[in-house]
């Protein structure tokens, strides 16, 4: 066994030694130092980080949740619902309005994930009812599994819908 | 049920809309993530900010987590990236960050012999200083391996590199520390 092999072995198996490693360690000062350093690092593990106290951890979840609430994607929601106020979207209004009324009544009580699902369903319905050119990309890849959408994808769908809406407005 | 299975279940439950599952995950990991952030940032308010941002990211992006790595590794990766962003925002360099927190300064190495204790404290102090002087990747590899007991595969996922590269970072770090200690001892003998 050479030094590199011994070091590699010690890195992977710090607490266990084979006969070969022990033999090498007995005759190699450099690897002994290497092992000593690994031992020191394990000692270092016992060093605690500054304890902020239980009071800190007992409020951390609540504070983080408040920040999550503050960072919920309100602008995206507003943009999405603003699509329904345009007259040229009348073709989807019947179902849209019902869904929106239902969603608005309940949406604030829902988790962010559930909200995304609602937005996803709304977008899906709109695209399904919409005979305009929502891009192929949206129809092919996004409709498959709307619930897995992340914010960027949802953003893309909304953009597509806005473009469609704009085109429809211009045609009118 | 193993701890990993329990975590996977909580992740699934949260994806299905169970908010309490997120709380459980938070409570399980808040202290390790705080410890990681403190070791990298060495400042309570910075670590607090990073912990909150990390869990915000987890909450908002858990639907993108596909389970290709463990939840723990995914979480650590987010936390490390948050630390890096935080440092970048503060225009600091991770190589200049002092790992030696006040708690570490007060560290009491377990030993009953007073002289041994002093030697132990000095050694720990020096070791922390030397780790501080390592490159960012090497230092993070040491922190994740030594303090957080991560396997090299997990370190690789957290650092966005291959397992062998993670192992090289760690190996190089140990060799560098060994060299630094040699220089330190030589300096003392002169």
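FYI, it's all coordinate maths here, none of it is from the lab. Just so we're clear, the structure is a prediction, and the values are computed from it rather than from any experiment. Positions of Cβ are generated from backbone atoms using ideal geometry, with glycine treated the same way; all protein chains shown enter the neighbour counts.
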Exercise. Take the Cβ-Cβ distance between residue B:81 and residue A:26 as r, set R0 to 41 Å, and report the resulting FRET efficiency rounded to the nearest 0.05.
Key: 0.40
Practice problem: Could you pull out which residues in the stretch B:33-57 have an amide N less than 20 Å from a spot 7 Å beyond the Cα of residue B:123, following the Cα-Cβ vector? | Solution: none
Quiz item: If all Cα-Cα distances of the stretch B:1-97 are sorted into 5 Å bins from 0 onward, what percent lands in each bin, rounded to whole numbers?
Solution: 2, 13, 25, 23, 16, 11, 7, 3, 0
Self-check item: Mean-position separation - Cα centroids, the stretch A:1-53 and the stretch B:34-60, in angstrom
Solution: 30 Å
Quiz item: For the residue pair residue A:63 and residue B:27, what label-to-label distance in nm results when each label sits 7 Å from Cα along the Cα-to-beta-carbon direction?
Solution: 1.9 nm
Quiz item: Which whole number gives the average, over all residues in A:35-47, of C-beta atoms from other chains lying within 10 Å of the residue C-beta?
Solution: 6
Exercise. Please give the average number of partner chain Cβ atoms lying within 10 Å of the Cβ of each residue in B:58-68, rounded to a whole number.
Key: 4
Quiz prompt | Peptides B:44-51, B:33-40, B:20-27, B:65-72 ordered by average Cβ neighbours within 10 Å, highest first | solution = B:33-40, B:44-51, B:20-27, B:65-72
